[in-house]
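The values are calculated or read from the model by the stated rules, or taken from the named source; none is laboratory data. Fair warning: this is a prediction, and the values are worked out from it, not measured in the lab. In this analysis, Cβ positions are derived from the backbone assuming ideal geometry, glycine residues included, and neighbour counts consider all displayed protein chains.
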There are 2 protein chains.
Amino acid sequence: MKTEDLLAGLNSHDPRAIGRAISAVENNDDCSAKLLASLNRDAIDNCLVLGITGPPGAGKSTLTSSIIKQLREQQKRVGIIAIDPSSPISGGAILGDRIRMMDHALDPDVVLRSMATRGRLGGLCASAGAAVRIMAAAGCGTILIETVGVGQSEMDIIRLADITMMVLAPGFGDDIQAMKAGLLEVADFLVVNKSDIAGAEALSMDMEHIFAAREEEDGIKRVLQTIASQHRGIIELLQQIDAFADHINISGIKRSRRRKALDAETLDWVSEMLQPDLLTLMQTLPGTNDPRLRAQELIKIMQNTH
Amino acid sequence: MKTEDLLAGLNSHDPRAIGRAISAVENNDDCSAKLLASLNRDAIDNCLVLGITGPPGAGKSTLTSSIIKQLREQQKRVGIIAIDPSSPISGGAILGDRIRMMDHALDPDVVLRSMATRGRLGGLCASAGAAVRIMAAAGCGTILIETVGVGQSEMDIIRLADITMMVLAPGFGDDIQAMKAGLLEVADFLVVNKSDIAGAEALSMDMEHIFAAREEEDGIKRVLQTIASQHRGIIELLQQIDAFADHINISGIKRSRRRKALDAETLDWVSEMLQPDLLTLMQTLPGTNDPRLRAQELIKIMQNTH
């Protein structure tokens, strides 16, 4: 498909055009550089990217689905990027499937893209960043990035978000303590989901303690309880997120977060672009077993052969 | 401290020398290249690296501690690398602390190193790989790498392991299904911990199904039940791991895994070595907002200025 046709498809909000454009970027098709350069920049600047993360079992997919439902009641067009820990070979797209199945399968204003973390050479951050831009250019004013896990690569992707919520539920025991210290660095909101089961109140209070200083500063409630399976607590959650979105817009925080995301994406593209050459070069290296010496050798070769 | 003194410390199994050597590598001290090059290569080749991963709440730290206890009863010297999702700024080292507190705080033959995933520019895989080598050279015949999470960077680190076990427990609900597809790619063993609580049997049977073909092939039981808090099931788990360790040694699988780990570490070192320059160069780039064009520009500059 020609770049012009793809762009026309995006402009007319055609979901198939969105899928094709993202695939073109992932496959590094000839058209992809021109495509990315031609996207509507205002739409990209003005969209809101929400990151939703948390450990397995917290109910992220149900919460995501519930948030989509609420956004659709507000007539908003929604993009979802579901980062899937499973492999593209063995099936993949399970998070995405779950969200899709729930409520929104036939709604043309809910655009979903699954991306697998495994079985790829890298560049997930780059792909997800491109997907955000493409969805925004195709009229998605709100874009959700959902990712399972507490790992570094999830956090790298979450860095693409303007606002991030961490979803927890009672029952993770001591491991929550281990995660707590890192929470403030990545999460703007803490959602205690499944708040009707035992331990929710204690977990909320524990988390309130971490977020108290921030809440006091701007009056935005950061720790919220939901029962996503019953669609409870979602309206209040989105109200607080809206208030925070205004705040980061006015204060310039959104712009500075976008700047950092651009740097992270750029580094990711650099790695992705260099990797094929590096993997080839690696096979020609003499047999030292010291990865640091091998790396120095690779860099030297790479810089001299271009 | 001089490199010679550090090496002498490692040879005499001094735990402080291990800590200092790992720090030297992490800080990129002048001595670190020579240090890494001088490590006893046989000890590195012959050690067994066990990866322990799984979602928060599965009881990994308790299981790790229980495995250490068992290995100590066999008079083995054990190294542990605990990959901690929390930040070095806000505390860090929580996984490590938990393992340390449990049983082994005063045992000089249990050497523990915590590494934080966050708050660093990268190179976790490189650091962890160096730590494995240093611990092996200092007489740790078995080295455990424990990591929370199901993310990509955890998987990259787990790739350093000769043998990997994934720890699960009943009660993670549907998210287990999402992880299942990826399990076979990373896990040699599946440990159903907390096997005394409801749902353990069903989870085990579910997992047996995935691992059945492999079990039939080599007769090694891959799905094992433990109650780590009561030290139950650990002996059988380690027996099966020993059998598998023999198998991968004889079949050459261990060697090929080490080779892949070396490639991954090398790429990680390349990224780490290039990153400071890239971050500096990035600030001088003209104002395009397309990360791909920025990346191309960066690579061009980098290759011309050296």
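Numbers for the structure displayed
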{"item": "Any hit, segment B:126-143, residues being at pLDDT below 70, within 27 Å of A:ASP290 (Cβ to Cβ) and polar (S, T, N, Q)", "result": "no"}
{"item": "Residues being of a type outside the set (A, V, I, L, M) and part of a helix (DSSP H, G or I) - total across segment A:207-244", "result": "15"}
{"item": "Subset of segment A:258-306 that is β-branched (Val, Ile, Thr) and within 34 Å of the chain's Cα centre (by Cα) - its residue that is surrounded by the fewest Cβ atoms within 10 Å (Cβ to Cβ)", "result": "A:THR280"}
{"item": "Index of the failed condition, A:THR284 passing every other in (1) within 12 Å of chain B (Cβ to nearest Cβ); (2) not in a helix (DSSP H, G or I)", "result": "(1)"}
{"item": "Of residues in segment A:72-123 being at pLDDT 90 or above and part of a helix (DSSP H, G or I), the one nearest to the other protein chains (Cβ to nearest Cβ)", "result": "A:ARG72"}
{"item": "Yes/no for B:GLU217 being at pLDDT below 90 and farther than 30 Å from B:GLN303 by Cα", "result": "yes"}
